[in-house]
Amino acid sequence: MSQLSDFQIHINGQQTFFVNEEILSTYSGRLKKIIKQERRRTQIKNSGIEIDDFPGGPDGFELISRFCYNNGRITTTVSNVSLLHCCAVYLGMTEKLSTCNLLLQTQVFLDGLFEWSWKDILVCLKSCGSFCNYADSSGLLDKLICALLAKITQNSDISSLIAASSSTSSSPETASGFRPSSSYKNTPESIKPSSSSRAWWFDDVAILPPKIIEKLFQSLGAYGADNNSLILTRFLLHYLKVSAQRKANYNHTSSAAVNSKCEFGGLVDTAVHGVIWVGRKTFSCRALFWVLRIVSGFGLSKEYRLGLERLIGGMLDEATLDDLLVSGHDRGVYDVNLVIRLIRVFVKSDGVSVQKLKIAGRLIDKYLGEISPDQNLKISKFLGVAESLPDSARDCFDGAYRAIDIYLESHPSLSFEERSRLCRCLNYEKLSLGACKELAKNPKIPPRVAMQALMSQQSKITPPTPKPKQQCVNYERVVYNGDADDEESLAEEGKMEETLNLQRMQWRVVELEKLCRQMKGQMSRMVKHNHVLATPTHARPLPRLC
């Protein structure tokens, strides 16, 4: 037994193999050279060597051992031929050492590559995932990708891959060329595949590792800033979505997430470049938000993120509330910083009409109402959203007040100053009378804010001009006869009276609060200086003012 395993080989720090030096040296020129050098250096017979970069790790070396111990014979399949070929290249298993060595056998098998089935090519390509660098350096990856493209072009026009653009089709659905898939349940209409698709290969190619997809795009000259192909852009978006779903099925550590960003980073930038290149001519606002959600999980470079946000921000008036509710990456439920950036882009965009501003204003007020219950939402973030729009974007501030009311209800521990600060985004003159009444009665609103709102409502109503007594008699007669103008004057007068009553009530509250503070201050000073109040037993107790 010792003669059969007289040497140890440690593979990639994962596993140790006990092998026979003579058997392996018969087929591998590299192992023969390494073992001879080790013998000469250590002069120890039962020494061992370490190999840290072996293709495929222990699995690859085990296949090589089976080949060597089986007198140069092994069953070659589409699943293992890539690994066997890379190991044979790495170990120098050529005809100089043995006839019909492993390298020759794999080369003969790969000669029929272009006659393989579509499935066999995909299986062979997928098996290269764990040793992609070796497959690339040996030239095997280029051959497999070439065979893959040859299969695609049998049913598609190769020009559609290299130079397809939005000009080839007036409809996003017909230009996309997706094959129907159940994974598109929540995909926007402008991204969904058409039934008669030229890109029948999307779902199948999506099983390949990101390094191989990256090599595929480099082969087509459509990687990074060179990607001007609409169909390849849509494939990448499909690929990233499928990959995101796979990631969601596993528990990933922080280090795994970093590795994921490194693997997919180039593909994400390539996809976003393609989206920006075709722009709003092909992708709707909803589709762009969908793209943003997909690529954000893989780590998008700052340059391309800004480009995508500029594109979305220019179309913000076409967005819906669901579009804006992007999940937050920090402590918050939603990504509020993203919405603030999009609003600023929209406001600064050229050609933004007042009508579009008002559409965006109504949308943002709905968004404020949706995010207000978030316990981690800071006042600065709330105001950042509310104040990003100019005053002209709102005809009425009732929606903003409703959002503030929800925020105050969800954050009961706010101080007086914080509640006052929160209300600074309101334009009291643009509050309806009904909303102003609710604000005045709201105990969570500071009295000073309520007074300012009431005073702004009073300025809207012009008091009627006093009339002589005789004219008043005629006035009543006219009203009785149904004069519409005088009826409106009475209505305005009633509104003003109601407003003034509310105003007086609020002033009374302010005065009582002021008196209460004064009384508390006096009592505190009395206690501090040890004053003793002598109260007769027959006297009545002092009333409790506050």
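Working only within region 215-233, note down all residues that are touching a residue at least 12 places away in the same chain (Cβ under 8 Å) and in a helix (DSSP H, G or I). Within region 215-233, Lys215, Leu216, Phe217, Ser219, Gly224, Ala225, Leu230, Ile231, Leu232, Thr233 meet the criteria. Considering (1) at pLDDT 95 or above; (2) under 15 Å from the mean Cα position of the chain (by Cα), the lone condition that Val333 does not fulfil carries the number (1). Given the conditions (1) out of contact with any Asp or Glu (no Cβ under 9 Å at 6 or more places or on another chain); (2) surrounded by 21 or more Cβ atoms within 10 Å (Cβ to Cβ); (3) under 24 Å from Gln218 (Cα atoms); (4) modelled with pLDDT of 60 or more, report the number of the one that Ser137 does not fulfil. Condition not satisfied by Ser137: (2). Taken together, the residues in region 366-379 that are farther than 15 Å from Gly328 by Cβ and open to solvent by 20 Å² or more (accessible area, probe 1.4 Å) amount to 2.
Per-residue answers, yes or no, for (1) modelled with pLDDT of 95 or more; (2) within 21 Å of Trp290 (Cβ to Cβ); (3) open to solvent by 60 Å² or more (accessible area, probe 1.4 Å); (4) of a type in the set (Gly, Ala, Ser):
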| residue | (1), (2), (3), (4) |
| --- | --- |
| Ser183 | no, yes, no, yes |
| Ile213 | yes, yes, no, no |
| Leu237 | yes, yes, no, no |
| Ser243 | no, yes, no, yes |
| Ser254 | no, no, yes, yes |
| Leu267 | yes, yes, no, no |
| Thr270 | yes, yes, no, no |
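Tell me, yes or no, whether region 372-380 has at least one residue that is of a type in the set (Val, Ile, Thr), closer than 28 Å to Ala319 by Cα and in contact with a Ser or Thr (Cβ under 9 Å, 6 or more places away or on another chain).
No: zero hits.
Each residue in region 336-373 was checked for being acidic (Asp, Glu) and modelled with pLDDT of 95 or more, and 2 pass. Looking at region 14-31, which of its residues are touching a residue at least 12 places away in the same chain (Cβ under 8 Å) and in a helix (DSSP H, G or I)? Within region 14-31, Glu21, Ile23, Leu24, Thr26, Tyr27, Gly29, Arg30, Leu31 meet the criteria.
Taking every residue in region 234-246 that is under 17 Å from Phe217 (Cβ atoms) and pairing it with any residue that is charged (D, E, K, R), at least 6 positions away or on another chain, the pairs with Cβ-Cβ distances below 9 Å are His238/Asp203; Val242/Asp203. Taken over region 278-330, residues that are of a type in the set (Ser, Thr, Tyr) and farther than 18 Å from Gly265 by Cα amount to 4. Could you run through region 297-338 and say how many residues are of a type in the set (Gly, Ala, Ser) and under 22 Å from His273 (Cβ atoms)? Count: 6.
The values are calculated or read from the model by the stated rules, or taken from the named source; none is laboratory data. All of these numbers come straight from a predicted model, not from anything done at the bench. Every residue, glycine among them, receives a Cβ derived from its backbone with ideal geometry; neighbour counts consider all protein chains shown. The area values use the complete protein model at the heavy-atom level, side chains included, leaving out ligands, DNA and RNA. Shrake-Rupley method; radii C 1.70, N 1.55, O 1.52, S 1.80 Å.
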